[in-house]
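The values are calculated or read from the model by the stated rules, or taken from the named source; none is laboratory data. Small disclaimer: the values here were computed from a predicted structure and weren't measured. When we count neighbours, we look across all protein chains shown, and the Cβ atoms used for this are built from the backbone with ideal geometry, even at glycine.
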Amino acid sequence: MNEKIRLLRERLRSLNLEGMIVTNPVNIKYLTNIENEGTLLITRKENIFLTYTMYLENVKSTLTINDEIIVVDFRDVGKDECENFFLFCENIGFEENYVTYKQYHFLKQKYKVNNLAETENIIEKLREIKDEEEIKNITKACEITDKCFEHLLTFIKIGISEKEIANEVERFFKENGADGLAFDTVVAVGENSSQPHWKPSNRTVKMADPILIDMGCKYNGYCSDMTRTIFMGCILEEIKPIYDLVLKNLQNTEDEIREYASIKTISQMVENDFKQYKQTMIHALGHGVGMETHEIPYISPKNDTFLKKNMVIADEPGIYIPGKYGIRIEDTILVEKNGKTILTKSPRKYTVI
């Protein structure tokens, strides 16, 4: 049987659920490797993927006999058959953080489910822990990202715009083995770097500008995430203490990362250190990375859980001085039993081009 679906069934039983309706395309791809539109039904005895005629051939070519997934054309399923998929089942799970209120009532009526129950991010929690193949794909995505950063150090010149840099990132990824962007690239020059999620504009690079670049690619469906703040020509003296503070906290965080480390404690450590220097952490310290760039766990003082072996997380302390500049340094990191492996390896100390 498909191992991921087997684990999902175990978790469903622990929640007293007799099946699940999966509609989130990311979760469907995680469980089945299917990328086509459709609905995955985990019933008492069978795994059924309902899809449209135009996708049938592709879906069937994706699956193997070991997946034990029955592929069915929506057009071949009548109202009565839909109502029989979960016959005599009391509690069926759904993705409460993905399904809208309208969709919830549609699913409940279509499949005649007595109790459509919340699943507490059951699939997302499975996705937290990466297997060997997933780690391999993320590692490759990080390698491509490092190569892109190395290329950018020779590409960026005075007079080039944020948009041109962002376009070059996408071009490089696609021409060097990546599926494409993991997210919209952030390129923030000068005063724009004080806004954490700045969208690239026509602002051009000038002498002494800080240049914040947050980028990531996908490889075989898995993401990388890395931020570097570099400088054109020179680094202003007033910026150095802030850069040093951010880098120190990135390194201090990494020293604490290992299996069973407290997410809350790690986050509070950075938050408290920033406060000593009258600075504020205005976003979470980090997040999980996998098929999506932002996954659980979220690395924040509000999270009382612990890191686990084979989680992949992004660690991204940042300080932003409104209207002047921002400094963020971010790495993608694999959590291990007694420590960590930093998967993005680009230089983190002052980089002046």
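The table for this structure:
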item	result
Whichever residue in segment 229-276 is among the hydroxyl-bearing types (Ser, Thr, Tyr) and closer than 22 Å to Leu212 by Cα and, among such residues, is farthest from the chain's Cα centre (by Cα)	Tyr243
Verdict on Phe94 being buried (at least 17 other Cβ atoms within 10 Å of the Cβ) and modelled with pLDDT of 95 or more	yes
Any hit, segment 229-236, residues being in contact with a Leu (Cβ under 7 Å, 6 or more places away or on another chain), among the hydroxyl-bearing types (Ser, Thr, Tyr) and in a strand (DSSP E or B)	yes
Residues of segment 105-121 satisfying the condition of being outside any loop (DSSP other than H, G, I, E, B) and more than 11 Å from Ile21 (Cβ to Cβ)	His105, Gln109, Asn115, Glu118
Residue in segment 96-104 that is among the β-branched types (Val, Ile, Thr), outside any loop (DSSP other than H, G, I, E, B) and either closer than 17 Å to Ile28 by Cα or touching a residue at least 60 places away in the same chain (Cβ under 8 Å) (or both) present	no
Selection from segment 255-312 of residues that are touching a residue at least 60 places away in the same chain (Cβ under 8 Å) and of a type in the set (Val, Ile, Thr)	Ile257, Ile282, Val289, Thr293, Ile296, Val312
Filtered residues of segment 36-58 (kept if in a loop (DSSP other than H, G, I, E, B), surrounded by 15 or more Cβ atoms within 10 Å (Cβ to Cβ) and touching a Gly at 6+ places or on another chain (Cβ under 8 Å))	Thr43
Top-ranked residue in segment 14-35 [being part of a loop (DSSP other than H, G, I, E, B) and among the β-branched types (Val, Ile, Thr); ranked as surrounded by the fewest Cβ atoms within 10 Å (Cβ to Cβ)]	Thr23
Filtered residues of segment 333-350 (kept if hydroxyl-bearing (Ser, Thr, Tyr) and in contact (Cβ under 8 Å) with a residue 12 or more places away in the chain)	Thr344, Ser346, Tyr350
Residue identified as hydrophobic (A, V, I, L, M, F, W, C), surrounded by fewer than 23 Cβ atoms within 10 Å (Cβ to Cβ) and touching a Pro at 6+ places or on another chain (Cβ under 8 Å) among Ile242, Ile230	Ile230
Search result, residues across segment 259-274 that are over 18 Å from Glu316 (Cβ atoms) and loosely packed, with under 15 Cβ neighbours inside 10 Å	Tyr260
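So that you can scan it fast, the table gives a plain yes or no per residue for (1) outside any helix (DSSP H, G or I); (2) surrounded by 15 or more Cβ atoms within 10 Å (Cβ to Cβ); (3) not assigned by TED's automatic domain parsing to the domain that holds Phe86:
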| site | (1), (2), (3) |
| --- | --- |
| Ile123 | no, yes, no |
| Lys136 | no, no, yes |
| Cys148 | no, yes, yes |
| Asn167 | no, no, yes |
| Arg171 | no, no, yes |
| Asn192 | no, yes, yes |
| Pro196 | yes, yes, yes |
